[in-house]
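Quick note: the coordinates plus some simple rules give every number you see, no bench work behind them. Because the structure is predicted, anything quoted here is derived from the model rather than measured. Virtual Cβ from ideal backbone geometry, glycine too; neighbours counted across all protein chains shown.
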Amino acid sequence: MKLPDGRLPRGNVGWRSNYPRNIDADDTGSFLSITAALAGAVILASMKADAAHLNLLFAWLWIFFGFLSGMILGLFFHRENWLGGYGSFRRRMYRLAHISFFGLGALNLLFWLTIQRGVPLDSLGIIASVAFILGGVTMPVCCVLMAHFPKARFLFGLPVCCLIIGGALSLLLICRNDARLRSAGNPDLDTHQTP
Ligand code: HEM
């Protein structure tokens, strides 16, 4: 970094001769943008490697939570008027949360299986992967929130949008890679085929 008169600041000798002694706003800005770009690239690369694997972990965690939530419901459901009775809005929302764990766990498992069939996980695939996880997290949370604050029903828009986006992108990925999917043999099945 040069002084306004064009000279280098005192002390800038040897390998440090181009090293800025005072970091100004411009330097900070470019430093931050380079760091952000690098961090973005690293995050994208690691997500590419792990995104679908996250869906698999999420799937089994959610199926486990489905069992757990069922067990909790099972502790109280013999009470006739628990949460206002079987048909009450609050009880229905709790049931929906319980069922959504299974449904959205299974959905994430299906997404993982689709990727295993050879659909490349490009940026669209990563968005779909994240959308399915976000939808899976927000759906049971919204169900329980709605059970207690029925006016918050607009919150359901969040899981609904995430899941619609995830579904649409998955469809797009499959259509784009249709030829690859058709030609991809399943090695597991091949080994069990009789000659
Ligand atoms: C550990 C395993 C499970 C337990 C302990 C459990 C427990 C329960 C209980 C207690 C209810 C009644 C809730 C109420 O009275 O409001 C219920 C409802 C329900 N569960 Fe589960 N469940 C389990 C697994 C599953 C699985 C694997 C599925 C499906 C994939 C499932 C789907 C449903 C559905 C659809 C309802 C609503 C039934 C209705 O309203 O008629 N559950 N579960």
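How big is the shadow of the Cα convex hull of segment 68-150, averaged over all directions, in nm²?
Reported value for the Cα convex hull: 6.3 nm².
With an 8 Å cut-off on Cα pairs and a minimum separation of 6 or more residues, tell me the relative contact order of segment 50-182 in percent. Spell out each step's value before the answer.
On the way: 143 pairs, mean separation 40.0, N = 133.
Here the relative contact order equals 30 percent.
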query = Under a point-charge model restricted to the Cβ atoms of Lys and Arg (+1) and Asp and Glu (-1), what is the dipole moment magnitude of segment 70-195 relative to its Cα centre, in debye to the nearest 20?
reply = 580 debye
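Sorted from fewest to most neighbouring beta carbons within 10 Å, what does the list L121, L57 look like?
Values: L121 17, L57 13.
Lowest to highest Cβ neighbour count: L57, L121.
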Net lengthening on full extension, R153/V137 (0.36 nm per residue, minus Cα-Cα) = 4.1 nm
remark   = If unit charges are put on Cβ atoms (+1 for Lys and Arg, -1 for Asp and Glu) and the dipole of segment 50-182 is taken about its Cα centre, the option from I165, I126, L113 lying farthest towards the positive end turns out to be I165
